[in-house]
């Protein structure tokens, strides 16, 4: 018995020594952004071991071992890797309207590889991909995680679940005789549950659905309700049973209300808000993900990229209203997380939304929190990313200047590290 205990003690000592190995990488920063406190901390050195941050100390107190990798960013400001909670990596911004009909699944998958790389180069080390055909986003997520292609960490929804003829799920551009419908079509509570189960079977991280029509879908109205409350409650209940969160596309007031009452985690777009809806969202703790940059791209470049005339008209109706709703929701204290709808506009331009969030009510510190710690919490990975602190993944980006003084610096990310691997250098 003594010998057995001695053996366990020896193993424990060996494991303890292994757990305290010397960091393999040191990154010296001119300053780092403490996103939670909203402060800039000067002259810090970040020690990294196996892709994880193990220490953040004043540079004067941190010697650099000769056999470690040393990255000198003393002329730059470091932030945690950015997070975009609403992307479509498998969709290209020049394939809208009727052009979508000639994009095959293999082409969409190849587009995803290209767009993932562009998104990572822009400083976004994590994304939530809310809608993709054929579970190709699952394959892309896994290829990135395996190091086979470069891209951000992905949480993916697979095909969105939605009604016949709906914005999320169906293909409304082909006439009836083609007999084509979308992968995610499900009508009625039991079909909805079955579709959630199918998505879980094929490896999704979350469930995406729609409770109203959308700007870029043919024949749908922004104010038209898609899914009854009963159907939505079944969807949320089934998703919860499988440990999945739910993101809901909703523009119109009634659809937003149904989503909140059903208990979803986030409402995407959230365009037509009333005081009642804002109070309901506060009461239920619902997060909004509001894409307030994309309207500019749609109205300036949409026609050239193939968008339908009806889509351009719907955007003219909703763009200004959504931005006003953003201002009101923020002023009321609603949790708003950074999400852009990239894929509608070119991937890699995601950071252009920061200046709009500031223009319409947020401070720079609040906008940065929305794309770091707040987004990480919504995605359920706040214990892995979103801050520069011990025990979290070494997702780091660097910019020139102080983003709290000039938020536009985030549009020019000069250094990108994800999980301790450098993907871009000044």
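The values are calculated or read from the model by the stated rules, or taken from the named source; none is laboratory data. From a predicted model like this one, the values you see are computed outputs, not experimental measurements. Cβ sites come from the backbone with ideal geometry, for glycine too, and all protein chains shown count toward neighbours.
Quick look at the values:
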quantity	calculated
Checklist (1) buried (at least 24 other Cβ atoms within 10 Å of the Cβ); (2) under 24 Å from residue 89 (Cβ atoms) applied to residue 163, failing item	(2)
Check on residue 136, in the same structural domain as residue 187 (by TED's automatic domain parsing), in contact with a helix residue (DSSP H, G or I) (Cβ under 6 Å, 6 or more places away or on another chain) and assigned to a helix (DSSP H, G or I)	yes
Boolean, residue 325 is over 19 Å from the mean Cα position of the chain (by Cα), assigned to a helix (DSSP H, G or I), touching a residue at least 12 places away in the same chain (Cβ under 8 Å) and surrounded by 23 or more Cβ atoms within 10 Å (Cβ to Cβ)	yes
Those residues of region 372-404 which are part of a loop (DSSP other than H, G, I, E, B), out of contact with any helix residue (DSSP H, G or I) (no Cβ under 8 Å at 6 or more places or on another chain) and more than 27 Å from residue 267 (Cα to Cα), in sequence order	388, 389, 390, 391, 392, 394
Residue among 157, 93 that alone is under 20 Å from the mean Cα position of the chain (by Cα) and over 16 Å from residue 346 (Cα atoms)	157
